[in-house]
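Engineer: What follows is a structure written as C-alpha cells; I'll ask about it next.
The values are calculated or read from the model by the stated rules, or taken from the named source; none is laboratory data. Just so it is clear, the structure is predicted and the values come from calculations on it, not from any experiment. As a convention, Cβ positions derive from the backbone with ideal geometry for all residues, glycine included, and neighbour counts pool all protein chains shown. Accessible surface is based on the protein model in full, side chains and every heavy atom, while ligands, DNA and RNA are left aside. Shrake-Rupley method; radii C 1.70, N 1.55, O 1.52, S 1.80 Å.
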Amino acid sequence: CQTISSGVGFRFEDLKVLFQNVKSAQRPGSLQLIEVPDVKTMSINYRTHTGILSMAASLVDLLEEFFPEALDKLPRESGYFRGPKPILLTETRPESATIMIVGSNKEASQIEFGASQVILVRTQEAKKRLPEEFDGCLAMTILEAKGLEFDTVFIWDFFGDSRANAEWRLALTSLVEDDETELSALEGARDKASGMPNVRGMLRTLEFCRDSHQLICEELKHLYTAVTRARVRVVIFDSDPGRRAPMFHFLRQRDLVQSLEYVDDDSISPMIETSSAEKWREQGFNLKENHIYELAAKCFRHAHVRAVHEGKQDAFTPSSLQLESECHAQHLCRKASEEDDASRQRSQLFLEAAHAFLEAGMGRHAAKCLFSCGEFELAGTLYQNLIHLEPDDDHQLAKYSIKCFLSMSGNSGLNKAIGVMTSKRMIKSAFAMMCKAQDYEKACELLENNPEFLPPPDMSRDKVLKLSAQKLITAKGKGARERFLAAVRRMESLEDKTHYMRLRGDTKEELIAELMGDGLHVQAARTLAEDGKVVEAAELLEGLENPKSEETTLAVELRAYHALSADCSSSIEHLNRALSMCTAISSKTRDASGNESEVDVSTADGNMAMVLRELSIRFEIARRMPDLEGRVSVLMHVLKSSEHFVVCKALCSHEVLLAELAQYQRGSGTTQNEHVVAENLVERVRSVLVHLDSALADINSGSLLRAEQFLGVTRRDGLACVSKWGKVLLDAHLAGVSCVPRVEEFVVDQRSFASCLHKKIGILMLDALSLAHDALDVLAVSAKGGEALRLALLRVWAVKRQTAVLLLGELKDVQPSHRQGVPAFAVSRQKHKQPSERTGRYGQDALSVACRRGVGMGCP
C-alpha cells in the first residue's frame, strides 16, 4: 500500500523517524516509555483486481527507478482478483472516442452513464471542454477524485493537458535499460509513425537528469492516482498523439493494457451502463461526504429521474430533489467564498444558494447565505420565523436574528432586534439595547410589562422615565404630546411630573388637572398664573369649598398682583375680591376663638398676618378710589383698625393727610376756609409726624414683624420671604428691597427691608413737613404780632425737623424737589402774589431761610 499523491512527499518510514526522535529526547526515568512501532505493509489489494494493479505497479516501478527517495520501498502490490487490463483508445478524435464510450446513438437525452462511472480530467477547464454527450456523466479532476472509488474510470486527455512533454520519454529509457531488445521494437514504432513527425520525435529515449526532470515525478504520481480510482475498468483516451506516444508504447510493451481501435459505429459496444435510483443516491451521499457538491447534486438529480421512471419518487426521505438543492447550494457557497468579498458575483452566488437551501428545507443555512450577501433584514426575518418552527431553548436562533437586524443601517433593524429579544423574554438584553439606542419609551414599556425585572442601579426605572420625558420635551409630530404625557404620568414624584410638564410647555392643562386631582390646588393655581392666567388661577382657588389658609393667601396675592402689576381698569374690583376672602377668613377666626370683637395682638400670628393683609388691601383700595370722601372714609377705617400696628398706622395717617388736602383742593373754599384748613393742616402734620416717629422707633428697635406682614412678607424657617405674586405689593411701597429668588418665592434681605422702610418713613416726614411749610406760607400772609411770631417759631420747628430728617443716613441721596402727585397751596400763593421760591427747602441752610422769612414778616 503506497501513499502516492501529487505534491505529497510523505513516506511511512518518516513515521519511524518521528518516533525515534521523540524517544531520543525522552528523559531517563519517565513513567511512559516511547516505543518505535514496526511498519507492517499490505501486499494484497482487495479493492481492485490485478489488471489495474499491474499498471499501477509499473508506475511505482518508474518512480522507484528515477525517484527512489519519493516513496517507500514496499513489496509489490498484487490483487486478490483477476480482471481486465486497462483500455487504451487508439483514436485521437474526441468524436470517435465518444462513440466508442457511449455508442453510436448520439442523442444526448438517451445517453445515461452509471452512478459508479466517472471521467477524470486534469483541470476544471478540461471539464468544460468535454463533449456534450458526457453531460450526464460524473466528471471531476483527479485531485477531486482523491480518496474516491468508481467501477469505471475514463481518463480523458491526461497527457495532452500534462505540463510534462519530452519528460515522458523517460518511460522509454526505463524500458530499453531493462531489456535491450526493446530498442528494436522502439525503432519499429518510429518507422510506423513516419508520417507523424511529432509522434516519431517522442518515440526516443531520454537521458535522465534529476534536477531537470523533477516534473515527471509529480506527473507519474498524478497518473497513479487516476488509475487507482477504478475498481473494475480503466479507459484511457488522449487526443495528443505525440505526448501520449511514450507512455502508450511503454504500457503496450509491458503488456499492461489492451488497445481498442475504432472501426465503425455499428461494431461499437457502449461502455456506459445504467444505475438504479438507490445507486445514484448512494453515490450522491458518497460525494457529499467528500464535499464534491456539484457532482453530488448531479447524482441526486439522476436519482430523482430514475425514481420517477421506477415509480419510487416517494420512497426516499429526504427526497432526492431536496438533496440536490442542498448540494447545489453548498456548491454555490463554495464558489462564492472564492470570490472577492466586495464583488457583485459573490453576493449573487450567496443569494442563489439561499434560494436553493430554502428549497431543500434548510432555513438556517439559507439565513447564513442571506447574511453573507448583505441581505440582513431577510436573514433576520428568516431566523425569526425559524424560531416558531424549530426548538430554540438556548436562544441561538434568536441571537442570530438579533445579529442580522443589528447589522442593518438605520433604526428599523434596531427595533426589529429589540422585538426579537422581547418575544424571547430576553428582558435584560432588550432593556440594555433600548437604553443604548436611547429608546427610553420602549424601555419604560418593558419595565411596566415586566415588573419582576430589576434594572441596573445606574439605569433605574425613575431615571429611564426622566430620560424618556427629557427626550420628548422637544418632540413634535403626531402623538408626540401623548407619548410625553404617558411617560410623565408614570413618574412617582409629583415634583418631577410638574418639572417636566412645565418644560414641555403645551401640557399645562394636563398638569393642572393632575395637580387638582391630587388635591394640590396651590401648585395648580401657580401653574396657571405662571402661564399668564392670573385671574383664572385666583378663581380656581376661590371656587374651592373649604379652602385652606395657604390657598386663600395665594388667591388674595393673585388678585392683588393682577390689580397692582398691570394697568388694570378693574383693579378695585379685583382688590375687593381679595378683600372679601380676607374678611371671610378673619370672620372664621373670630368665630373659632369666640371673640366677636376686633382682632387684637393676642391673636395667633398666622391670623394676625391675614388681618394685616386685609388692612393692606383696604389701604390699596382707598388709594385707588376716585371718590375722595369714600377714600377718606376707608382710610380712617384702616387707621382705626391699625391701632396696634405702628408702621401701618404711620403710612395710613400720611395717606389720610393727602386725601383730606386733595378733598379741600377740589372744593371752592374761601379765604377764611383756607386759613382754617391751613391751621388744621399744621395740626394734622404734627399728628402724622408723631405716628411716623413711632414707626421710626419701631424700625430702629428691630420690631419689623408687623410691618413685614402688612407689606406681604412672611417669616419661614427664620427667613423673611415673599411670594412671587405678593412681591408686587412690597415693590409698590418699598422700591429697591434686596430679594434673592428661591423656588416659588423670594428671600427678603431684612437689613435692606429695614433700610428701605426707614427711607420711606423719612420721605413721608419730609413730605408732611413740606405741607406744613405750605400751610405756614398761607397763614403768614395776614398774620401780625404774636400770631406772626408763633408762625415764625413753627417755621423754625419745621425747618429743624427737616434738617434732622435729612441727616438720616438712608436719605443722604435725596435731592430737593417738589412732591409728586400731592396737591399743594401754590394756587393760594399765586393769588396773594407770594414768592414760590423754595430753594434750600431741603438744604443745610433751611434754618437761615426760615429766619429771613420771619424778619420779612415783621417778626422780632
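Engineer: Sorted by average packing, counted as other Cβ atoms within 10 angstrom per residue and highest first, what order do 740-749, 52-61 take?
Structural biologist: The densest-packed peptide leads the list: 52-61, 740-749.
Engineer: Which aspartates and glutamates have a Cα less than 15 Å from the Cα of K128, not counting those fewer than 8 places away in the same chain?
Structural biologist: Excluding near neighbours in sequence, the set is D157, D161, E294.
Engineer: Let me ask another. Quote the charge dipole size of the chain about the Cα centre in Debye, to the nearest 20; the model charges only the Cβ of Lys and Arg (+1) and of Asp and Glu (-1).
Structural biologist: 4680
Engineer: Pop out the carbon and sulfur fraction of the accessible area of the stretch 274-358 as a percent, whole number, probe 1.4 Å.
Structural biologist: Of the solvent-accessible surface of the stretch 274-358, carbon and sulfur hold 46 percent.
Engineer: Output the DSSP H helices from the chain with an along-axis C-alpha extent of no less than 20 Å and a mean Kyte-Doolittle hydropathy no less than -0.5.
Structural biologist: Within the chain the helices that satisfy the rule are 12-25, 50-66, 293-310, 344-359, 549-565, 571-593, 605-624, 646-666, 671-701, 750-780, 786-806.
Engineer: If R0 is 51 Å, what FRET efficiency do you get for T181 and L143 from their C-beta distance, rounded to 0.05?
Structural biologist: It comes to 0.85.
Engineer: List the residues of the stretch 736-768 whose backbone N lies under 20 Å from a point placed 7 Å from the Cα of R502 along the Cα-to-Cβ direction.
Structural biologist: Of the residues in the stretch 736-768, 739-748 have backbone N under 20 Å from the label point off R502.
Engineer: At q = 0.11, 0.12, 0.23 Å⁻¹, what base-10 log of I(q)/I(0) does the Debye formula yield for the stretch 388-497 when every alpha carbon is treated as an equal point scatterer in vacuo?
Structural biologist: For the stretch 388-497 at q = 0.11, 0.12, 0.23 Å⁻¹, log10 I(q)/I(0) is -0.39, -0.46, -1.27.
Engineer: Same structure again: For the ranges 77-84, 778-785, 326-333, what's the packing order if you count other beta-carbon atoms within 10 Å of each residue, average per peptide, and put the highest first?
Structural biologist: Peptide ranking by packing, descending: 326-333, 778-785, 77-84.
Engineer: Turning to a different aspect of this structure: For the pairs K436/K497; K146/K288; K476/K533, flag any whose C-alpha to C-alpha distance is greater than 18 Å.
Structural biologist: Pairs exceeding 18 Å: K436/K497; K476/K533.
Engineer: Another question about this same structure. Name the residue farthest towards the positive end of the dipole of the chain from the options L661, Q750, C404, assuming +1 on Cβ of Lys and Arg, -1 on Cβ of Asp and Glu, about the Cα centre.
Structural biologist: Selected residue: L661.
Engineer: Relative to a virtual label point 7 Å from the Cα of Q124 in the Cα→beta-carbon direction, which members of the stretch 284-300 show backbone nitrogen distances below 20 Å?
Structural biologist: 287-299
Engineer: Rounding to the nearest 20 debye, state how big the charge dipole of the stretch 700-770 is about its Cα centre with +1 on each Lys and Arg Cβ and -1 on each Asp and Glu Cβ.
Structural biologist: Computed charge dipole of the stretch 700-770: roughly 80 debye.
Engineer: Just want the answer: with Cβ charges of +1 for Lys and Arg and -1 for Asp and Glu, which residue in H213, M421, L130 is farthest toward the dipole's positive end in the chain?
Structural biologist: Result: M421.
Engineer: For the charge dipole of the chain, defined by +1 on Lys and Arg C-beta atoms and -1 on Asp and Glu C-beta atoms about the Cα centroid, which residue among G505, V778, A367 has the Cα displaced farthest towards the positive pole?
Structural biologist: V778
Engineer: Under 16 Å between alpha carbons, and skipping anything fewer than 8 positions from K471 in its own chain: which aspartates and glutamates qualify?
Structural biologist: Once the sequence-local aspartates and glutamates are set aside, what remains near K471 is D439, E441, E445, D462, E482, D496, D506.
Engineer: Still on this structure, I have one more. With P(r) over Cα pairs in 20 Å bins from 0, in percent in mind, check (1) 13, 38, 33, 14, 1, 0; (2) 12, 39, 37, 11, 1, 0; (3) 11, 22, 16, 11, 10, 11, 12, 7, 1, 0 and report the label derived from this structure.
Structural biologist: Label (3) holds the value from this structure.
Engineer: While we're on this one: By its C-alpha gyration tensor, with a ≥ b ≥ c as the square roots of the eigenvalues, how is the stretch 334-400 shaped: rounded for a/c under 1.5, else prolate for a/b larger than b/c, else oblate?
Structural biologist: Note, shape of the stretch 334-400 comes out prolate.
Engineer: Of the listed peptides 409-417, 195-203, 299-307, what is their order by residue-averaged count of other C-beta atoms within 10 Å, with the highest listed first?
Structural biologist: Order by mean packing, descending: 299-307, 195-203, 409-417.
Engineer: Please report the carbon-and-sulfur percent of the accessible area for the stretch 159-238; probe 1.4 Å, protein heavy atoms only, DNA, RNA and ligands left out.
Structural biologist: 48
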